[in-house]
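Novice: There's a structure below that I have some questions on.
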Amino acid sequence: MCIFCKIINKEIPSSIIYEDADVLAILDLAQTTLGHTLVMPKKHYANILEIPDDELAHLMSVVKMLAKRISDKLGAKGFNLLVNTNEVAGQTVMHLHVHIIPRYDENDTIKIEFTENKLDLNEIANKINEL
Ligand code: AMP
Ligand code: ZN
C-alpha cells in the first residue's frame, strides 16, 4: 500500500485540514511555504490521467475551496497549484495529489522560474494538433 493510502487509512498520522467521503487534504510535511497542503482522492490513482473526470471535478472543487480558506486564514496573497506527474516532473509519491502552495510575497521560500526557449510555435502546435 502506498504512503498516502496509509495516511488515508489513518495508519500513518497526518495533519488533516479537510475530509469527506472521497477526498482528504493534509498539511505537507515539507511546508515549502506556510500552509503548504496536499489534496488527494481517497481512491488510489497513480496520477491525473487515471482519475475519472467526475471525481477529478470534485477534487478540484475542494482544492478551490481550500485555496481560498488557507489564503484567508493565513494571510497569503496568492497561491500556486501544482500536480507533479511522473518521476521526470518530480513526482515522488505515486498517488495523485494537488499541492496548494500559499504565496506571501515574491521573495518567499519557493521560486518558480520559466526558462524561455526560441522554438517554432507553429511547428509545435501542428504536432500537437495532428490526428
Ligand atoms: P510530489 O513530489 O508531488 O510527489 O510530492 C510529494 C509530497 O509529499 C512532498 O512535498 C512531501 O513533502 C510530501 N510528503 C511525503 N510524505 C508525507 C507525509 N507522511 N505527510 C505529509 N506529507 C508528506
Ligand atoms: Zn495510494
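The values are calculated or read from the model by the stated rules, or taken from the named source; none is laboratory data. Every value quoted in this text rests on a predicted model; they were computed, and no experiment measured them. Heads up, the Cβs are rebuilt from the backbone with ideal geometry, glycines too, and the neighbour counts pull from every protein chain shown. Heads up: the accessible areas ignore ligands, DNA and RNA and are worked out on the full protein's heavy atoms, side chains in. Shrake-Rupley method; radii C 1.70, N 1.55, O 1.52, S 1.80 Å.
Novice: Set the bar at 26 Å for Cα to Cα. Now go through Lys42/Lys77; Lys64/Lys111; Lys42/Lys64 and name every pair that lies beyond it.
Specialist: Lys42/Lys77
Novice: Output the peptides 76-82, 34-40, 49-55 sorted from most to least packed, where packing is the average of other Cβ atoms within 10 Å over each peptide's residues.
Specialist: My ranking of the peptides, most packed first, is 34-40, 76-82, 49-55.
Novice: Of the peptides 83-94, 58-69, 120-131, how do they stack up when ordered by the mean number of other Cβ atoms within 10 Å, highest first?
Specialist: 58-69, 83-94, 120-131
Novice: Same structure again: Give me the net charge for the shell around Met40: Cβ to Cβ below 13 angstrom, other residues only, Lys and Arg +1, Asp and Glu -1.
Specialist: -3
Novice: Could you point to the residue in Ala30, Ala76, Ile17 farthest towards the positive end of segment 1-77's charge dipole, with +1 and -1 charges on the Cβ of Lys/Arg and Asp/Glu respectively?
Specialist: Ala76
Novice: Report, please, the projected area of the chain averaged over directions, based on the convex hull of its C-alpha atoms, in nm².
Specialist: Computing the convex hull of the Cα atoms and averaging its projections yields 10.2 nm².
Novice: When only C-alpha pairs under 8 Å and at least 6 residues apart count, what is the relative contact order of the chain, in percent?
Specialist: 25 percent
Novice: Computed over the Cα atoms, what is the radius of gyration of segment 13-58 divided by 2.2 N^0.38 Å, N being its residue count?
Specialist: After normalising by residue count via 2.2 N^0.38 Å, the value is 1.23.
Novice: Write down the accessible area per residue of the chain in Å², having rolled a 1.4 Å probe over the full set of protein chains.
Specialist: 68 Å²
Novice: Can you give me the % of accessible surface on segment 1-120 that is carbon or sulfur? Probe 1.4 Å, all protein chains present, nothing else counted.
Specialist: 56 percent
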